[in-house]
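Before any comments, here is the structure.
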Amino acid sequence: MGLLIEYSVNAVPGRRFIEIYDADAYLDDAAAMDAARQQVVAGNGYHLYLHSLQPDIPARIEIRIWDTPPSVPTDTEGHTSITLESETGMLVINQFTYGPAGDMSLPRPGVYEGHAWWTGRQAVRDYHDTVLRDLAASGQDIRLPDDWRHSPHAERYVLDLAWTRDSSPLDNEVEDD
C-alpha cells in the first residue's frame, strides 16, 4: 500500500459543518447533512459532510489518496466507510460560513472509496464550551479568536481513499459510440 498524494488544510466548521465536494457539485444535500449529524461523516457520493461539535475552532482536514486505503488507526474516536465521486478531478473543502478553505487536485477523475476517521472532536468541544463559560462568568472583554487559535486540542478528520473506477456517465450525457 503506497501513499500517492496528500492534502491538508484547516477549516472552520461554520454551522458545525465542513463540506468536501467535486468542483462541479454545487447543490447541498440536506439528507446527507442530517445523516452526518448522526454519523459524524456522511455523503451522497458527490458531497461529503463532516459534522463538528463546535462552530468556531478550525479543524484539520487531511485527504490522502492511496493505491489501496490503509487500515483505520486503532486510536481514533470513530470512523466510517465513504465513497466520493469527482468527475472533474478537483475537490473543494468548504467552510459554510467563510467559503472555500482550499481545493485539491486528485490524481485522476473518478470514484474514490475508503474510510474517514476522526480524533479530537470531544476535546475541542469541551475546550470551546469552557472558554465560552469562563468568558460569560468573567464579564471581561476577551478576544475569542486568540483563544480559538490557541486551543490545546486539535480536531482532525482524515479521509483515506483509493481510486476504484471511472465516473458513471449521467443520464443526460450522450455516450460516444
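The values are calculated or read from the model by the stated rules, or taken from the named source; none is laboratory data. Note that the structure is a prediction, hence the values are computed from the model and not measured. When we count neighbours, we look across all protein chains shown, and the Cβ atoms used for this are built from the backbone with ideal geometry, even at glycine. For accessibility, only protein heavy atoms count, side chains too; no ligands or nucleic acids. Shrake-Rupley method; radii C 1.70, N 1.55, O 1.52, S 1.80 Å.
For the reader, a short list of remarks on this structure follows.
- Odd one out for Arg165 among (1) surrounded by 11 or more Cβ atoms within 10 Å (Cβ to Cβ); (2) at pLDDT 95 or above: (1)
- Residue in segment 147-154 that is more than 19 Å from the chain's Cα centre (by Cα), part of a loop (DSSP other than H, G, I, E, B) and at positive phi present: no
- Scan of segment 5-39 for residues that are closer than 21 Å to Trp148 by Cβ and either at pLDDT below 95 or part of a loop (DSSP other than H, G, I, E, B) (or both), ordered by number: Val12, Pro13, Gly14, Arg15
- Residue check, Gly45 over 18 Å from Leu3 (Cα atoms), out of contact with any Gly (no Cβ under 9 Å at 6 or more places or on another chain) and modelled with pLDDT of 95 or more: no
- Any pair with Cβ under 9 angstrom, 6 or more apart, that starts in segment 52-72 at a residue that is closer than 16 Å to Trp163 by Cα and ends at one that is open to solvent by less than 50 Å² (accessible area, probe 1.4 Å) and part of a loop (DSSP other than H, G, I, E, B): Ile63/Leu106; Arg64/Pro70; Ile65/Leu106; Trp66/Gly2; Asp67/Gly2; Thr68/Gly2
- Taking each residue of segment 26-43 that is within 18 Å of Ile93 (Cα to Cα) and looking for partners that are of a type outside the set (D, E, K, R) and part of a helix (DSSP H, G or I) with beta-carbon atoms closer than 6 Å, six or more apart or interchain, yields Ala42/Ala32; Ala42/Ala35; Ala42/Ala36; Gly43/Ala32.
- Strands (runs of 3 or more DSSP E) contained in segment 55-112 and holding at least 2 residues surrounded by fewer than 19 Cβ atoms within 10 Å (Cβ to Cβ): 59-66, 78-86, 99-105
- Subset of segment 10-35 (residues that are under 18 Å from Pro107 (Cβ atoms) and β-branched (Val, Ile, Thr)): Ile20
- Check on Gly78, farther than 17 Å from Ala36 by Cβ and among the small types (Gly, Ala, Ser): no
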